[in-house]
Every structure is written in C-alpha cells, then in structure tokens.
C-alpha cells in the first residue's frame, strides 16, 4: 500500500464487513432451503420456451446448518456495465465465501468485462490484491466493459475458457441487461451439459433493478448520498448568495429514482419526475411553464434563487420529444452521411426535416440550436440518440428564461447556472450500507455456486433491518423476465423498475412539493459518514425506508 494513500482509504480497507446471521460462519455452515417452483413475471410460455433447462427453479433462502458438500471451487468474476460503489466488495464476498469452504479455492477476475470472459483474459486474485481493494470505490481491480454475451461464437468461447481453466462458477456483476446475459449463458451451459454455474449480482446506481426480491441494487445508496451532499451544498450556496437558480441534471436515463431520492434528502424547490411527465402526457412547453410558475412565485416573495433537479432521461419521457427522437433514429439511417456533411445546424435540420412528420418537424424547429445539434450527433452503438449528451438542463434554462420574458407581470430577475452530477457518484467509497450489502451479495453468490445452482441472481432482503437480520438467498433470474420487442425481435429482458406514482416515495414527494417549491426548507445531508452514530453512518435511503 502506497504511503501517499489518504487516511480515509486506509481506514476504509479496515472496515469490518458485516453479514446476515446465516452467512457469518462460512460456507461450511450454510444450508439452502428451497421454495416452490417459480415462473416469470410475464410472458410465461415464451420465457419458458427460451429457458427450458433453467426455467421454473425454486427461489432459495440460506439458513444456518451443516453443509453436506463443501469443496474447493474456482470461481470467475466479471464486472459488467457502468461503475457502481460496492463492486469490489461483491468480489470480496465471493472471495471470502469460497475461501471459507477451502483455502484451495480460487477466484479469477476476468478483465474489462464480459469480453475478458470470451477472450480468456483474467488475473488470479490473491489475499494481498483483495485486501487493497476492500470497501473501495470503482471497478479498477479488474475493469469493466459492455460486451453483450449473445452469439453462438461467444458462448462457445466461454465454454472453452471454462473447460481449460476448470471453472466451477461464473459470477456476473451488473444491471438488468448484464444479468439477462448471465441467465442466457447459464441456459446455454445447462443445455450443453457444461458443468459450470452462471450467477448474477444486481448492480446499478440508477436504482431501476428492483422488485419484491431485489429491494435495491448495490450502488444506489452511495451514489444518491453523494449527489444529495452536492445538491445540499448548492442549496446552501443558493440561500446564501440569493441570486442564482441552479438547474442540476442527475444521472438516470431510464427512470427517475435518483432524482426522487435526492429530492427526498434535500427538498430542492423543483424536482421533475420523468414518469409523471409521461403519465400526464405533458408537452415540453407545459414542463417549462410549470417550472417558470415556481420561479415567478418565488420572485414575487423576493426570492430570486432556487434549486431544480432534472433527471437525465427526461427528454425521452416527453411524448412529443420521444416521438421526435424515434423518428430521428429511423430517418438518420437513410440520410446520416448527408446530415454529417452539412456544416450549419440549420442546414442539418432542413435536411432531416424532410424525413419527419409535420409534428416532429415543428418540434425540432422550436428547439434551441444547441439542442438541435446534440439531437443530430453520432448515434450510440444501437443507433439511438445519445440522450446523456443532450444538455437538458441548459435547454430548460433557456426556455424558462424565454417564458418569463413573455410575462407582463414578471418583474423579478432570473439568473441560472447549470450542473450535471453523474460520474461524481459512480466510484465513491461505498457507504456502510453498500459495503455490507455488496459483500453479502457476493457471499451469497458463493453459496449458490457451492450448491451447484445456476441461472440465479443473488438476493439479500429485509434491508430496512439490522444487517444480521437480512435474509440472504437467490432467485431464478428467469423469474424477473418479460418479453420486449428490440430491433424487430422478441427478446427476454429483466423488466426495469420505474418510479411508481402510487408508491410511498413519490407520494411523500407529492405531498410536500408545493411547500418545498416556495419555502426554503432545504436539507443539507453533508458528506457520507462512515463512523459515528449508527442512525447517521448506517442510514438507508429514503426510498428504501419508505418502502418503495
């Protein structure tokens, strides 16, 4: 360990992992209780047809007891997708779990995501390597990647790697798509009689991989606490300087869980929830008017400052913009080269508008030039608009400003600053909650592997209680799936969890937002606390506390 490391880094490595009581005495003292056969949440016949070998397996719970079969294991671990605080602790949980069964057990870390598994590119993790990464943020131990496991060629390559290195289980740590890929690989292995379990662990800071069996993905707790601390700092600055509105975009393309959680922790004056915008079929102008009304109401009370939270994916939830983006994705397939060749944005817009419906063409024409340019940027690998590159916060600032200028009765000032908080939260030191939760998920994966279970995702529940009282186990990943149409084909996918507008967390926000909009009822969470009163350092998210 380099002496240049900060004291916090050193101290965090020494933080003692906590486990549910069923896991505290190691794999030799854990037994599996099996429940009833399961089925997918929807499209049962289609999912069963796609997963004939692994579909219908029972959910399992771990309890204390003497294990019947304990042996050395070789387990491969894979980090997949974007970073989330706690990834290293999942690996630590796997490592400590298999080592508790036998000191001869090995953990192989496949480098740079699923591509490392396909290529057989790995490093063996030792005690010294593991001990320098416990409770640390980031995925730098083995790296991550976004390779999708979906082709016969990739599956065969994985079989070769498994056979060559005598791997007993593979644990894929990722979000909904990554865990879907893990389930597909598990099915391929099962059908082809490959003696290797494939398991998953639920990860995403976005918070959209959750259901009754996965109460929250790891990383969400730390990321939202990190963002809430920053938003609280800005709110304190806003009420101190009393002259700026701060428009803050927060990560979360497919759902607004991050924005809602940060709002519940900080009480910003405005918080847009994409799912509500879509449910109410709000136009962009209606969204802008609602924000401008709050700015004007505060100005009438002499308050020319405030804080607004904007989810990253908002623009895709506004029906008229969603239609526009869909049409742009289709149209650019045919005229992408011509649009790229045009120098001026107005010329690009004129070219593409010929291939849009009149409604979408009109919507595009009304947008600021900078946003038009961002909508016409290079597509992502799937041919879609790169929504994360669209500066929605700047768009809303400009449109709110124009709305206020058009009001004869608005005499206040509106000066706005824009921010985007995303990467700041992805690799933070995991909170105590995420440290323990991620570690427990990894340890649970080791138990699943020891019991030759495959096609499962680690599940640790009852998270509102003390760690010892958490319920550890696993559920068949096929249980979480439904069928979605993607690129013209039916695909099995884990259903994303959106903000529930009838859920307790949104209802809490809904009941208080009018008051928070006008009054300066800011909360200032401050930096994550690792040591101190348990109600502070071991706290859970408001979303989890409220039960939604």
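Students often check this: by mean Cβ neighbours within 10 Å, which of 78-85, 306-313 ranks highest, and how do the rest follow?
Most protected by this proxy first, the peptides run 78-85, 306-313.
Quick one: if the Förster radius is 25 Å, what FRET efficiency do residue 465 and residue 500 give, using the C-beta to C-beta distance and rounding to 0.05?
For residue 465 and residue 500, the calculated efficiency is 0.65.
Spin-label point model (7 Å from Cα, Cβ direction): what's the residue 369 to residue 342 distance in nm?
Once both label points are built, they end up 1.4 nm from each other.
For the range 278-303 and the range 344-377, compute the distance between their C-alpha centroids and round to whole Å.
Taking the Cα centre of the range 344-377 as reference, the centre of the range 278-303 is 25 Å away.
For the chain, give the share of DSSP beta bridges that are antiparallel, in percent and rounded to the nearest 5; count only bridges with both residues there.
If I count the DSSP bridges inside the chain, around 40 percent turn out antiparallel.
Cα extents of the range 431-548 along the three principal axes, largest first, in whole Å?
Dimensions of the range 431-548 along the principal axes of its Cα atoms: 54, 43, 21 Å.
Rounded to the nearest whole Å³, what is the per residue volume of the convex hull around the Cα atoms of the chain?
Per residue, the Cα convex hull of the chain comes to 164 Å³.
Ranking request for peptides 200-209, 504-513: highest mean number of other beta-carbon atoms within 10 Å first, then the rest in descending order.
Going by the mean number of other Cβ atoms within 10 Å, highest first, we get 200-209, 504-513.
Can you sort 122, 410 by how many other beta carbons sit within 10 Å, fewest first?
Starting with the residue having the fewest Cβ neighbours, the order is 410, 122.
Run the quick spin-label model on residue 540 and residue 31: label points 7 Å from Cα toward the beta carbon, then report their separation in nm to one decimal.
2.8
For helix 392-405, report the angle its Cα long axis makes with the longest principal axis of the Cα atoms of the chain; keep it between 0 and 90° and round to the nearest 10°.
On a 0 to 90 degree scale, this one is about 20.
If each residue's Cβ is checked for other Cβ atoms within 10 Å, how do 129, 167, 494 rank with the fewest at the top?
Going from sparsest to densest Cβ surroundings: 129, 167, 494.
How high is the FRET efficiency between residue 410 and residue 236 when r is their beta carbon distance and R₀ equals 30 Å, given to the nearest 0.05?
Approximately 0.65, to the nearest 0.05.
With label points built 7 Å along Cα→Cβ from the Cα atoms of residue 166 and residue 48, find their separation and express it in nm.
It is 4.0 nm.
What's the center-to-center distance, using Cα atoms, between the range 429-486 and the range 203-257 in Å?
So the separation of the two Cα centres works out to 23 Å.
State whether the range 319-386 is rounded, prolate or oblate according to the following rule on the C-alpha gyration tensor (a ≥ b ≥ c being the square roots of its eigenvalues): a/c under 1.5 gives rounded; otherwise a/b larger than b/c gives prolate, and the remaining case gives oblate.
rounded
Taking the mean number of other Cβ atoms within 10 Å as a proxy for protection, how do you rank 540-547, 368-375 from highest to lowest?
540-547, 368-375
In whole angstrom, how far apart do the alpha carbon centroids of the range 9-64 and the range 506-548 sit?
If you average the Cα positions of each part, the centres end up 30 Å apart.
Every number here is computed from the coordinates shown, using simple stated rules; none is lab data. All figures in this text were calculated on a predicted structure; none of them were measured in a lab. Glycine gets a Cβ as well: all are built from the backbone with ideal geometry, and neighbour counts include every protein chain shown.
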